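Here the structure is laid out as structure tokens; the discussion comes afterwards.
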Amino acid sequence: KYPPKTSVAKRSRVCGDVWANGFRAIPLNIDEKCILGFEEQLLICASHWLQFQMHVAGTSLENALDLTDIRTLAVIFDSKARKSEYGDEEAKVIRKALDGNLNAQFQCYGGWRKSGFGIWSHVHNLDFVVRTLEPAVIKKIHETVNPNFKFAGPPHLIVKPPTGGGKLASHIDGVNGLSFQDIYELCDKYPTTKKWVQNVGVQALVHITGGDSLKSGATSIIAPMNPGRLKVILAAMHPSHPHPDLPLKKGQTWQKIWEHVGGPNFFPFDSPRVLKVLNRLLPLFEMKTATSAVKADNDWLQRLGKDAKMLEINSAETFKPLKVVPIAPSCSGAFIALWAVGYPHGASSTNKTLRISVTLPLTTKDGPDESYKRSLRRAILLQGGKIEQVKQDNERFFGCDGMTHKYPGKNEAELFDFFGPAMCISAEKARELLRKLK
């Protein structure tokens, strides 16, 4: 039912320490049978959700679609294959059902998106995640990264179907309300990635299945990255002195990009065009090259004036150009993909591989964890049948910005019918965890 794991020999990666390159991939020792059992149960529950949505949309199919069949899952997310398999009218019904019978553009929170978000942003407190994944993650993070990290909010799923889509464009997340201006200033305050991670934070995912190569939906980062390099990149995007060779989409302005807060701030950091410009600029500050062979670069340096001195980076013996790097370990199985907050990243297309991932909203020991506790209290209410009470709680969880996280109480309550009884923790387990957190 599931595609084979990508062999180690076929993976492309740059192995490096998180402090040196801005990322790290940490393997998790979780039994593969346990993972496959979780995948299967998740897709069974997703089948029930889709069956309900198709009934609302007016399906003519007599039998429900079995999403544990990887081919069926691939077909329904592929427009041409869907029409070929089910005919034009039923293909429209399936598409409508996948959108949760809502407007896909403005109500993306209610459907299953190719990006892996939508409904999956509201599926919390799954038994496998709480009992198996969370303890394994915290143990590894404490051993290998920072003993002071804990969960600030509830993890949620990202489920990318095995189709050609699902690419997540390169961006910087506005975690904790950070704008590009904020990040730009932090580059001086925390000049090394080690200090940056300890004080600004990390972003992390667990890839349960898939996500281990650029052919299977890997999380990718432009690397090597450090605060000095990041400041040069942001200086080239500063509204006061943007580099003329960096592209702007129609309707965008540098000022809008610079001041954006909340949700991902998209920019094609990983495009060949942008990487070419950045790899021209960085040596000017790392290798202390006085001028560039390109007039646009020299004109930009002139516009910077005295500010150029503030961008100087510690000298490097050899220049290491930025490139797109998948965050992946050298072994198969579930793993943590970890990168510094504010560093540009994205994700590749899943192609024919199902990718199931779990977000890890981490904070330091003294950071807030009320969001995580509130999620456990919500689990108790849902198991007690207090659905309407949960629907009224639409305060977002820690780090959950953007349209896909809208109406969290309403969406989680409505999804509980499909995922809760079979997969979520009991009220007793939620109470036990709450007692430990007090």
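The values are calculated or read from the model by the stated rules, or taken from the named source; none is laboratory data. Everything numeric in this text was worked out from a predicted model, so none of it was measured. Cβ atoms come from the backbone with ideal geometry, glycine included; neighbour counts cover every protein chain shown. Ligands, DNA and RNA are stripped out before the accessible areas are found, and what is left, the full protein with its side chains, is counted by its heavy atoms. Shrake-Rupley method; radii C 1.70, N 1.55, O 1.52, S 1.80 Å.
The relative contact order of segment 27-99, computed from alpha carbon pairs under 8 Å that lie at least 6 residues apart in sequence, is 33 percent.
With springs only between Cα atoms under 10 Å, which of PRO344, PRO239, PRO361 fluctuates most in a Gaussian network model of the chain? Result: PRO239 has the largest fluctuation of those listed. Based on alpha-carbon atoms, the Kirkwood radius and the radius of gyration of segment 121-269 give Rg/Rh equal to 0.98. FRET efficiency for the pair ASN298 and MET403, taken as 1/(1 + (r/R0)^6) with r the Cβ-Cβ distance and R0 = 41 Å, rounds to 0.50.
Between SER240 and VAL261, the distance separating the two model label sites (each 7 Å from Cα on the Cα→Cβ line) works out to 2.0 nm. Quick one: which of LYS323/LYS365; LYS150/LYS276; LYS33/LYS167; LYS195/LYS391; LYS194/LYS410; LYS406/LYS436 span more than 32 angstrom between C-alpha atoms? Flagged as over cut-off: LYS323/LYS365; LYS150/LYS276; LYS195/LYS391; LYS194/LYS410. Think of it as helices only: each DSSP H run of n ≥ 4 in the chain is worth -39500 (n - 2.57), and spread over all residues that comes to -11500 deg cm²/dmol at 222 nm. The 3J(HN,Hα) values that the Karplus relation (6.51, -1.76, 1.60; θ = phi - 60°) gives for segment 396-402 are, in residue order, 6, 7, 3, x, 9, 9, x Hz. Gly and Pro appear as x. Each residue, LYS288 and GLN105, gets one label point 7 Å from its Cα in the Cβ direction; the gap between the two is 5.4 nm.
Calculated on C-alpha atoms, the gyration radius of segment 313-368 divided by its Kirkwood radius gives an Rg/Rh of 1.04. Taking amide H as placed 1.01 Å from N in the peptide plane, ILE158 has its amide H under 5 Å from the amide H of SER357, VAL358, THR359, each at least 5 places away in sequence or on another chain. What does the C-alpha gyration tensor say about the overall shape of segment 185-253? Classify as rounded when a/c is under 1.5, otherwise prolate if a/b is larger than b/c, or oblate. It is oblate, given that a/c is not under 1.5 and a/b is not larger than b/c. With one equal scatterer per alpha carbon and no solvent term, the Debye-computed log10 I(q)/I(0) for segment 221-362 at 0.10 1/Å reads -0.41. For the chain, carbon and sulfur atoms together expose 52% of the accessible surface, with a 1.4 angstrom probe and every protein chain in place. Across segment 107-167, the mean sequence separation of Cα contacts (distance under 8 Å, 6 or more residues apart), normalised by length, yields a relative contact order of 48 percent. Compared with the direct C-alpha span, the chain from SER330 to ASP366 gains 9.6 nm at full extension, assuming 0.36 nm per residue. Put the Cα centre of segment 58-123 next to the Cα centre of segment 247-267 and the gap is 31 Å. Between the amide H of VAL202 and those of VAL341, distances stay under 5 Å, these residues lying 5 or more places away or on another chain, with hydrogens modeled in the peptide plane. Between GLU388 and MET310, the distance separating the two model label sites (each 7 Å from Cα on the Cα→Cβ line) works out to 5.7 nm.
For ASN265, the amide hydrogen comes within under 5 Å of the amide hydrogens of ILE172, ASP173, GLY174, counting only partners 5 or more places away or on other chains and with H modelled in the peptide plane. Choose one answer from LYS96, LYS80, LYS194: the residue with the largest mean-square fluctuation in a GNM of the chain with alpha-carbon springs under 10 Å. Result for the chain, Cα springs under 10 Å: LYS80 fluctuates most. Taking the C-alpha atoms only, the angle from helix 88-98 to the longest principal axis of the chain is near 70 degrees. Using the 1.4 Å probe convention, the accessible area of the chain works out to 44 Å² per residue with neighbouring protein chains retained. Return the single residue from ILE35, ILE221, ILE327 with maximal mean-square fluctuation; model: Gaussian network over the chain, springs between Cα atoms under 10 Å. Taking springs between Cα atoms under 10 Å, the residue moving most is ILE35.
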